[in-house]
1. Looking at (1) outside any helix (DSSP H, G or I); (2) in contact (Cβ under 8 Å) with a residue 40 or more places away in the chain, find the lone condition where A:Val471 falls short.
2. Restricting the search to the stretch B:74-104, which residues are modelled with pLDDT of 95 or more, surrounded by fewer than 23 Cβ atoms within 10 Å (Cβ to Cβ) and within 12 Å of another protein chain (Cβ to nearest Cβ)?
3. What are the residues in the stretch B:255-289 that are surrounded by fewer than 18 Cβ atoms within 10 Å (Cβ to Cβ) and more than 7 Å from chain A (Cβ to nearest Cβ), if any?
4. Among the candidates B:Leu69, B:Leu146, single out the residue that is within 14 Å of another protein chain (Cβ to nearest Cβ), part of a loop (DSSP other than H, G, I, E, B) and out of contact with any Cys (no Cβ under 6 Å at 6 or more places or on another chain).
5. Could you please give the count of residues in the stretch B:127-143 that are without any contact (Cβ under 8 Å) to a residue 40 or more places away in the chain and in a loop (DSSP other than H, G, I, E, B)?
6. For the stretch A:196-209, give me each residue that is without any contact (Cβ under 8 Å) to a residue 24 or more places away in the chain and of a type in the set (S, T, N, Q).
7. What do you reckon, is A:Ser304 surrounded by fewer than 24 Cβ atoms within 10 Å (Cβ to Cβ), outside any helix (DSSP H, G or I) and outside the structural domain of A:Lys103 (by TED's automatic domain parsing)?
8. Within the bounds of the stretch B:202-209, is there any residue that is facing chain A (nearest Cβ under 9 Å), β-branched (Val, Ile, Thr) and either in contact with a helix residue (DSSP H, G or I) (Cβ under 6 Å, 6 or more places away or on another chain) or touching a residue at least 60 places away in the same chain (Cβ under 8 Å) (or both)?
Amino acid sequence: MTKELIHATMATTAETFAARTDRVRSRGPEESAALKRAARLEALLGDPHDPANPHGLTALFAADDRRETPAETEQLLAEAGLGAEFVPAEYGGRLTRADLLAKVLRPIFRRDVALGFGAGITSLFATSAVWAAGTERQRRNTARLLTDQGRASILHHELAHANAILRDEFTARPAPGGGHLLSGRKDVIINAARADAYVVYARTDPARSPRSHSVLLLDPDQLGAGVRHLPRIETTGMRGCQFSGLQFTDCAVPEDALVGRPGEGVALALRTYQVNRCLIAGTVVAAADTVLHSAVRAVTAGRSRPVARRWQGPLTGVFADLLACDSMASVALRALSLLPDGTHVLAAAVKYVVPDLLRENLEELATVLGSRGYERGGSAYGALDKLVRDLPVAGLGHAGTAACQAVIVPQLRALAERSWFAQQEPPPELFRTGAELPALDYRLLSIAGGGDFLAASLVGSAARLANVRGVGGQMAALADLAEAFVTELRALREACRHLPAITPGSLADPAVCVLSDRYALVLAAAAVLGVWEGQDGSDPFLAAPAWAVLALSRIGGRLGIPVPELPEGCVEMVLSELVHRFRAGRSCDLDATAPAQ
Amino acid sequence: MTLGDPTTKGTAMTENDPRITPPVHISGPRGPWQQVREGMAVRGNATVCTTWGEWLPTVVGDPHLRALLGRDWQRYRRSPDPVVRARFAASRLAVKYTAAAALALDPGDIDLAYRLGGRPYLRGFDQIDVSLTHTDELIAVGISRLGRIGVDTEPAGRRMSFELMQDHVCTFDEKQELAVLPEQEQSAAMLRLWTLKEAYTKAIGQGLRLSFTEFGFGVAGPALLAPDGRPAARGEWAFGTWSTLGRYLVSIACHDCGLDPSRDTRVQTMLDDGFLGAVAELVALEQQSEPLAER
């Protein structure tokens, strides 16, 4: 950041943001088109608080209560062409970039995470292996299926410490005369009973190795004998989603069902999950946003005086956390396009940090909401009750975080030895909203190596801020915080350099799990600083340091590193923006999206 | 120091939820930990009751105390009162040893960290959630693999005035129920209610920040209720109150996210071999192609 920009930023901190006028950011054509589609979905879904709206919160909560999928809303989304959002543009769909897809999906997730999964991203999670490694014919068929309102289901392989969703797997053995015979049983598969395609991560080698599984693309209508549908499973979270089981018994699968090479399943999972991880983080932020709105409603309804002091801390803290989560998710989503050979670690860190932070945020908001948080089913305050149940399913709990740690842990030593404090900073477009980016190409995504561009960005941010340390106020606090995270990265480098080599099957030093947690939080801080520095000034609130200071203080608090006292005006400024956004119906993420007109 | 029969399990006070493992007494680092592991395997949660005196030999004599306390060492050193200091160290050791029994690792490998609201957690190991409480000599530690857990304890004989406390602690329905009880029962019921409410608000990491009048518990076996008496959950929460070591009341609140997580909570097995192997293989390849010395 230049000296001029730092001074300009300091000047904007004195502005009253409630009176701001929205200046329009310049955006590329693809981003503009995606934002238009998001606005169209927002308009189609209508006023979430209108009790007569069949797609409003009251209707969606009621469907959840009855354990039903909101059929009318699913139909609306299908007819609006949601399926095409999951098909790469080169196959006739509208998928160009993962960050833009997240923006399109947010209107859905803002209302109902389960709807977002059940009627939405599950199909992308399933078909991404096809986009990454499928044959031309598999891609064309899959593209047609999704654009024709079809659904795809993913049949995961079993991961370590699996929960019900990740437990059990299918085995495929070579069939005489070619193809495979598929066997096994899995009880909890989303949309198993109504999918038009199954993407199976089947075990093809009994050995525990990175080449143990292969991916198969199946058409349920073409399967002969040997497949049985198991009953629907009632779940605590995402009650309306249709989870059920499948059992295969020597079910013949044609040779051309194989996606990619034999034994490529684990690699394909690693390659495609990084997109899923960033998307989940980038969309559940929108769901938490609805709960934050309901909490602001609770403390401002019928009250002309300012928000009571006791609620200012939790409300501004959660708002800052949402911006931090969005920063981390947005940077990772953009990196998938811009730096596809080095986003895997960040993607794992995003999925490791964001659901955990949001869970903590929901608990803080439960305190603000008090008894209103138990008003199940009502559009004004019912979002908390639902998201508390849905969020663990979206994040997959411990099994989900452990799967992310399995990606981070084996890379820590190499990162410490080769990348941290050595690598060059990423291009500035990574952090700049509106900057054009290359299209997402699943084929280009690496699953290991490539260094750590975000740690490099942290070191760069801290260096640029160093000359305002000691001047006092919010800028100095930001500079001190940046330096504190660099100090933490330095400590991590020392600790990780001495880690024993990683060999599967034995965890020589459990400290790696602790270190991966600390590292993921450092990356969250780096993303906040990067996004703050990347502001072009069109949003004076995001360009001012207050939100970043608050967000970094909270991340630092979680790390247990020394953080400076919150400077004067920080909480007030973030609170004023929060109340302003609530009154205007704008989202509490980096985009401050306006509600449906 | 008489603490009653240390081998007995906690005695149920009322209709307790069978999904909660009753508290077990642990007499120091050597456990016995079998019941904790059993509770974790069968019900997914376990609560340990212990007294700080039972950990004193470790606090005073373990040459690795500093490493064992980790980031809590500074706070330990800063406490001027030796009793406060010893109790603080004992409580942290109790958490680490209890968690270590479930994670199957050395207690010294655990980084006991704190959420912004003060709730302790195990950094890097989210397969179990922990909660810690203490009163007088007693320390209670709850662990769960199903979701959040909160524990709270009070001396069983502590008198809690219904008259003075009802407006701060009770919902309307609770006041009605308690008002008709004879005075002694009233105080006992208030104490039970207090520990249940503490356990619940600690489970969600909020403690006293969440007002106790914003939620309530039913009479016939504790169930989470909104102040107007409607159910506030769909069965995800389980509660119970036990009398332990003859003179303490321990309440436990357990949340079940419903993911049906793995019974295996060991650290050794948590990182997926397939993922770990695939990534480690590629990292090794990259290192071979670009040896460090050449950079």
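1. Failed condition: (2).
2. Once the filter is applied, which keeps residues that are modelled with pLDDT of 95 or more, surrounded by fewer than 23 Cβ atoms within 10 Å (Cβ to Cβ) and within 12 Å of another protein chain (Cβ to nearest Cβ), the stretch B:74-104 yields B:Ala100, B:Ala104.
3. B:Arg263, B:Arg266, B:Ala284, B:Leu285, B:Gln288, B:Ser289
4. On inspection, the qualifying residue turns out to be B:Leu146.
5. 0
6. Answer for the stretch A:196-209, where residues must be without any contact (Cβ under 8 Å) to a residue 24 or more places away in the chain and of a type in the set (S, T, N, Q): just A:Ser209.
7. So A:Ser304 fits the description; yes.
8. Within the stretch B:202-209, one or more residues are facing chain A (nearest Cβ under 9 Å), β-branched (Val, Ile, Thr) and either in contact with a helix residue (DSSP H, G or I) (Cβ under 6 Å, 6 or more places away or on another chain) or touching a residue at least 60 places away in the same chain (Cβ under 8 Å) (or both).
The values are calculated or read from the model by the stated rules, or taken from the named source; none is laboratory data. Treat the numbers as computed from the prediction; the structure is a model and nothing was measured. All Cβ positions, glycine included, derive from the backbone under ideal geometry; neighbour counts span all protein chains shown.
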